[in-house]
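Enquirer: The structure that follows is given in the form of structure tokens.
The values are calculated or read from the model by the stated rules, or taken from the named source; none is laboratory data. It should be emphasised that the depicted structure is a prediction, and the values quoted were computed from it without experimental measurement. Note: ideal-geometry Cβ built from the backbone for every residue, glycine included; neighbour counts use all protein chains shown.
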Amino acid sequence: MIYVPYDVPSENFQEGIHTDDYLAPYREKKLTYTLTTGGRTKESLNGMWQFGIDQYDTCLRAKWFEETTHDADGRPLPRDYDFDSWEMMSVPSCWNLHAERLFLYEGSIVYTRRFRYENHGEKRVFLQFGGAAYAAYVFVNGKYMGMHEGASTPFSVDVTDVLATDNRIIVVVNNERKRTNVPCENTDWFNYGGLYRDVDLVRLPETFIEDFTLSLAPDEAGIHVTVTLNDTTANGTATLDIEELRLRTQIPIDNGRGDLTINITPILWSPDIPRLYDIFIEYENDTVYDRVGFREIRSIGTEIHLNGAPILLKGICAHEDSVENGKSVNENEIRALFQTAKDMNCNYMRLAHYPHSEHAARIADEMGLLLWEEIPVYWAIEFANDEVYRNAENQLCELIKRDQNRASVIIWSVGNENVDNDSRLSFMSRLVTKAKALDPTRLVSAACLVNSEKLLIDDRLAAYLDIIGINEYYGWYEPDFSKLPRLFENSQPSKPVVICETGADARARHRGPKDELLTEDNQLYVYERQIAALRQIPYVKGLSPWIFFDFRCPRRLHPIQDYYNIKGLLSADKSYKKLAYYVLRDFYAEWR
Ligand code: GCB
């Protein structure tokens with residue numbers, strides 16, 4: 001990797017130290033999510049990894065990953081690191097919660113571990129990363145494998161040609177906030193960093209199933225299956241097995257791709273009956289397994305239809321955050337949260353503002369919750385920047401590829417609260433087109449702003465969306481509540497509207513008169529008025545107030561907030577329910 005910086009180096013120039021552009025050559029090689037893991041057999045590389053806090057990015061600048069110990073003539077070279085004697089940290093986890101000195105750290109951390117590998121006859125080997133916040137530079141046995149951008153989507157690394165018996169992986173993870181990131185520097189949530197999701201090794205034959213989709217075919221024609229192999233010249237047949245449907249059928253593969261509609265009627269998946277089927281797809285020596293449900297979601301006029309019948313989305317927004325684990329939430333935490341949502345009579349959740357753990361949609365599939373999933377095109381993205389667009393689109397593709405077989409996921413959201421200007425319209429409408437092209441079986445939405453001057457729902461992006469999501473804070477950021485009924489009356493949308501955010505701050509157990517801000521009583525009052533207003537409006541087909549539980553937030557410096565966004569219905573540890581929780585629960589029990 002030779003990189004010549006902009007000015008001609010002089011004889012004492014040292015690449016990496018005397019250039020600020022040391023990242024440019026690394027950025028030329030991007031990693032993305034190429035292998036749909038589904039329910040494949042994986043070997044975990046989770047556990048204790050060594051780490052070093054590399055504030056000045058010296059690993060990348062000085063190429064520590066080469067582990068050069070001697071010069072060309074055999075003389076020992078000084079080193080500023082010693083991987084094997086570094087401190088340990090658990091993977092997955094957010095580094096911020098590992099040690100106090102890391103709580104607010106924003107920069108690079110070098111992770112490394114050794115592992116032994118023995119070939120069991122496989123021809124291809126991949127590393128799969130569930131997520132690294134925000135950017136990750138991956139090295140295996142001294143070789144640079146590429147970098148991944150985006151904190152919340154998975155990525156794959158083909159390590160077939162670099163593995164040995166004893167191996168070292170190095171991952172430099174950087175969570176600096178940058179103008180050109182997606183999201184950019186300013187968000188309303190905590191900037192966790194680290195290797196905070198699973199790291200796995202996957203063994204494969206030479207030709208393998210890279211991707212597969214199963215969905216209900218349009219017009220009740222049965223189910224539709226697609227299979228994509230890594231080899232675009234492969235011809236043959238794949239086999240689909242769904243024992244519970246007594247189905248074993250062949251899928252012709254032509255130039256690496258197969259595509260079949262099968263006339264069969266599965267029991268449909270719904271929040272009430274979350275029926276899933278074990279499926280196996282086999283091609284030569286490769287088999288993938290998954291557990292999938294079949295359902296249909298459509299928008300018709302101002303209605304949303306699930307399996308042919310109109311449905312109201314009774315929901316709540318949630319961040320991926322926990323007091324103990326930050327963004328690295330575990331399956332038990334997700335399950336407990338989803339159960340609390342169901343106890344609140346929810347059939348739906350908005351997973352804001354970035355892709356949550358892969359486990360979330362799997363658990364929602366099992367438990368019967370509909371999901372809105374989102375990419376972090378949040379607030380003021382650099383919409384006119386092409387590279388930023390490619391990054392956002394890549395995050396969208398990775399999310400869709402990861403969760404395309406999850407029946408629970410019904411909506412892809414392409415962003416949140418972005419100002420309606422020309423570059424944003426072009427950026428986000430391209431994302432909508434992309435989502436629809438990749439996945440015609442789901443609805444596309446975005447959380448739009450309302451026109452607060454004209455009191456209208458009139459975002460130009462709405463023309464591209466299947467559902468118009470709106471965030472409105474009447475009774476809170478806009479204290480004049482009387483504007484909300486007027487806004488609803490003034491608007492004549494031809495599509496379903498979902499209120500994807502509304503809410504108010506309330507410190508748990510803090511009581512007072514209903515017009516005293518930050519009390520539970522005031523939050524309750526906002527919810528009561530919001531509910532009364534939306535009951536009158538037939539085109540509002542869904543609600544997901546902001547937010548399920550209080551979450552860490554560096555923008556909230558009032559002592560009552562104490563660096564938390566306290567719009568939760570639950571306290572941050574999720575153990576305490578504020579008054580508004582019960583009002584929403586009772587509303588959902590009878591909203592028809
Ligand atoms: C919003 C944002 C959300 C914030 C929320 C708030 O409109 O979409 O990310 O956290 O308001 O609490 O201000």
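Enquirer: Among the residues of region 568-592, write down those that are crowded, with 20+ Cβ neighbours inside 10 Å and not in a helix (DSSP H, G or I).
Expert: 568, 569, 570, 578
Enquirer: Could you list, in sequence order, all residues of region 31-83 that are touching a residue at least 12 places away in the same chain (Cβ under 8 Å), farther than 30 Å from residue 289 by Cβ and acidic (Asp, Glu)?
Expert: 54, 57, 66, 67, 80
Enquirer: Shifting gears a bit: Restricting the first residue to region 491-507 and requiring it to be in contact (Cβ under 8 Å) with a residue 12 or more places away in the chain and under 19 Å from residue 414 (Cα atoms), which pairs with a second residue that is more than 9 Å from the ligand (Cβ to nearest atom) and among the basic types (Lys, Arg) meet a Cβ separation below 7 Å and a spacing of at least six or different chains?
Expert: From residues that are in contact (Cβ under 8 Å) with a residue 12 or more places away in the chain and under 19 Å from residue 414 (Cα atoms), the pairs are 496/541; 497/541; 498/541; 500/350.
Enquirer: List pairs: first residue in region 121-149 and in contact (Cβ under 8 Å) with a residue 12 or more places away in the chain and under 14 Å from residue 24 (Cα atoms), second residue basic (Lys, Arg) and in a loop (DSSP other than H, G, I, E, B) anywhere in the structure, Cβ distance under 6 angstrom, at least six positions apart or on different chains.
Expert: Every condition considered, the pairs that remain are 146/29.
Enquirer: Taking region 436-472, which residues are in contact (Cβ under 8 Å) with a residue 40 or more places away in the chain, within 16 Å of the ligand (Cβ to nearest atom) and in a loop (DSSP other than H, G, I, E, B)?
Expert: Within region 436-472, just 457 meets the criteria.
Enquirer: I'd like the full set of residues that are out of contact with any Leu (no Cβ under 8 Å at 6 or more places or on another chain) and among the hydrophobic types (A, V, I, L, M, F, W, C), limited to region 117-158.
Expert: Hits for region 117-158 are 133, 135, 139, 151.
Enquirer: Of all residues in region 283-311, which are closer than 23 Å to residue 353 by Cβ and either touching a Pro at 6+ places or on another chain (Cβ under 6 Å) or not in a strand (DSSP E or B) (or both)? It would help to see each step written out before you state the result.
Expert: Taking region 283-311 first, the residues closer than 23 Å to residue 353 by Cβ are 297, 299, 304.
The answer is 299, 304.
Enquirer: Moving to a separate point now. So which of 482, 408 ends up being farther than 28 Å from residue 293 by Cα and out of contact with any Cys (no Cβ under 9 Å at 6 or more places or on another chain)? Give the derivation first.
Expert: On the way: 408 fails: farther than 28 Å from residue 293 by Cα.
Only one candidate passes the filter, namely 482.
Enquirer: In addition: Would you point out the residue of region 225-234, among those that are part of a strand (DSSP E or B) and β-branched (Val, Ile, Thr), that is nearest to residue 156 (Cα to Cα)? Walk me through how you get there before you give the answer.
Expert: First, pick out the residues of region 225-234 that are part of a strand (DSSP E or B): 225-229.
So of that shortlist, the ones also β-branched (Val, Ile, Thr) come out as 225-228.
Working: 225: 23, 226: 21, 227: 19, 228: 16 Å.
The selected residue is 228.
Enquirer: Of 117, 134, which residue is among the aromatic types (Phe, Trp, Tyr) and surrounded by fewer than 21 Cβ atoms within 10 Å (Cβ to Cβ)? Reasoning before the result, please.
Expert: On the way: 134 fails: surrounded by fewer than 21 Cβ atoms within 10 Å (Cβ to Cβ).
Matching residue, one of 117, 134: 117.
Enquirer: Can you name every residue in region 473-482 that is of a type outside the set (Phe, Trp, Tyr) and within 16 Å of the ligand (Cβ to nearest atom)? Working first, answer last.
Expert: At the first step, the residues of region 473-482 found to be of a type outside the set (Phe, Trp, Tyr) are 475, 478-480, 482.
Within region 473-482, 475, 478, 479 qualify.
Enquirer: If you don't mind, another one. Which of the residues spanning region 130-144 are part of a loop (DSSP other than H, G, I, E, B) and small (Gly, Ala, Ser)?
Expert: Pass one, region 130-144, residues part of a loop (DSSP other than H, G, I, E, B): 130-132, 134, 141-142.
The answer is 130, 131, 132, 142.
Enquirer: Out of (1) within 21 Å of residue 191 (Cα to Cα); (2) in a strand (DSSP E or B), what's the single condition that is false for residue 541?
Expert: Single failed check for residue 541: (1).
Enquirer: Looking at region 245-263, is at least one residue at pLDDT below 95, within 29 Å of the chain's Cα centre (by Cα), farther than 22 Å from residue 362 by Cβ and surrounded by fewer than 18 Cβ atoms within 10 Å (Cβ to Cβ)? Walk me through how you get there before you give the answer.
Expert: Pass one, region 245-263, residues at pLDDT below 95: none.
No, because not a single residue in region 245-263 is at pLDDT below 95, within 29 Å of the chain's Cα centre (by Cα), farther than 22 Å from residue 362 by Cβ and surrounded by fewer than 18 Cβ atoms within 10 Å (Cβ to Cβ).
Enquirer: Scan region 415-441 residue by residue and report those that are crowded, with 23+ Cβ neighbours inside 10 Å and under 30 Å from residue 221 (Cα atoms).
Expert: Initially, region 415-441 is screened for residues crowded, with 23+ Cβ neighbours inside 10 Å, giving 415-416, 418, 427-428, 431, 435.
Within region 415-441, 431, 435 qualify.
Enquirer: Within the bounds of region 543-550, is there any residue that is closer than 27 Å to residue 446 by Cβ, away from the ligand (no atom under 16 Å from the Cβ) and not basic (Lys, Arg)? Spell out the reasoning first.
Expert: First, pick out the residues of region 543-550 that are closer than 27 Å to residue 446 by Cβ: 543-550.
With the extra rule that they be away from the ligand (no atom under 16 Å from the Cβ), the set shrinks to none.
No: region 543-550 contains no residue that is closer than 27 Å to residue 446 by Cβ, away from the ligand (no atom under 16 Å from the Cβ) and not basic (Lys, Arg).
Enquirer: Being surrounded by 14 or more Cβ atoms within 10 Å (Cβ to Cβ) and assigned to a strand (DSSP E or B) is the filter here, so list the residues in region 97-114 that pass it.
Expert: Result: 108, 109, 110, 111, 112, 113.
For every residue, the table says whether it meets (1) touching an Asp or Glu at 6+ places or on another chain (Cβ under 9 Å); (2) on the phi > 0 side of the Ramachandran plot; (3) surrounded by 20 or more Cβ atoms within 10 Å (Cβ to Cβ).
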| residue | (1), (2), (3) |
| --- | --- |
| 197 | yes, no, yes |
| 202 | yes, no, no |
| 209 | yes, no, yes |
| 220 | yes, yes, no |
| 232 | no, no, no |
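Enquirer: Out of region 473-485, which residues are more than 21 Å from residue 419 (Cα to Cα), in a loop (DSSP other than H, G, I, E, B), in contact with a helix residue (DSSP H, G or I) (Cβ under 8 Å, 6 or more places away or on another chain) and not small (Gly, Ala, Ser)? Break it down stepwise before answering.
Expert: Kept after step one, since they are more than 21 Å from residue 419 (Cα to Cα), are these residues of region 473-485: 475, 479-482, 485.
Going one step further and asking which of them are in a loop (DSSP other than H, G, I, E, B), we end up with 475, 479-482.
Cutting the leftovers down to in contact with a helix residue (DSSP H, G or I) (Cβ under 8 Å, 6 or more places away or on another chain) gives us 475, 481.
Passing the criteria: only 481.
Enquirer: Given the options 559, 554, name the one that is over 30 Å from residue 494 (Cβ atoms), assigned to a loop (DSSP other than H, G, I, E, B) and more than 30 Å from the chain's Cα centre (by Cα). Working first, answer last.
Expert: Working: 554 fails: more than 30 Å from the chain's Cα centre (by Cα).
Of the residues listed, the single one that is over 30 Å from residue 494 (Cβ atoms), assigned to a loop (DSSP other than H, G, I, E, B) and more than 30 Å from the chain's Cα centre (by Cα) is 559.
Enquirer: Condition first: surrounded by fewer than 17 Cβ atoms within 10 Å (Cβ to Cβ), within 18 Å of residue 84 (Cβ to Cβ) and touching a Leu at 6+ places or on another chain (Cβ under 9 Å). Now tell me which residues in region 22-69 satisfy that.
Expert: Correct list: 53, 68, 69.
Enquirer: Restrict the check to region 477-488 and report whether at least one residue is under 21 Å from residue 373 (Cα atoms) and under 30 Å from the mean Cα position of the chain (by Cα). If you could, list the steps in order and put the result at the bottom.
Expert: We begin by selecting, within region 477-488, every residue under 21 Å from residue 373 (Cα atoms); these are none.
No, because not a single residue in region 477-488 is under 21 Å from residue 373 (Cα atoms) and under 30 Å from the mean Cα position of the chain (by Cα).
Enquirer: Moving to a separate point now. When only residues in region 494-510 that are basic (Lys, Arg) and more than 19 Å from residue 446 (Cβ to Cβ) count, which is nearest to the ligand (Cβ to nearest atom)? Give the steps one after another, and end with the answer.
Expert: Our first condition is that a residue be basic (Lys, Arg); within region 494-510, this holds for 495, 507, 509.
Those left that are additionally more than 19 Å from residue 446 (Cβ to Cβ): 507, 509.
Numbers: 507: 14, 509: 20 Å.
Per the stated criteria, the residue is 507.
Enquirer: Filter region 159-191 down to the residues that are within 16 Å of the ligand (Cβ to nearest atom) and acidic (Asp, Glu) and list them by number.
Expert: Once the filter is applied, which keeps residues that are within 16 Å of the ligand (Cβ to nearest atom) and acidic (Asp, Glu), region 159-191 yields 185, 188.
Enquirer: List pairs: first residue in region 543-565 and under 28 Å from residue 347 (Cβ atoms), second residue away from the ligand (no atom under 12 Å from the Cβ) and of a type in the set (D, E, K, R) anywhere in the structure, Cβ distance under 6 angstrom, at least six positions apart or on different chains.
Expert: Hits for this filter: 549/574.
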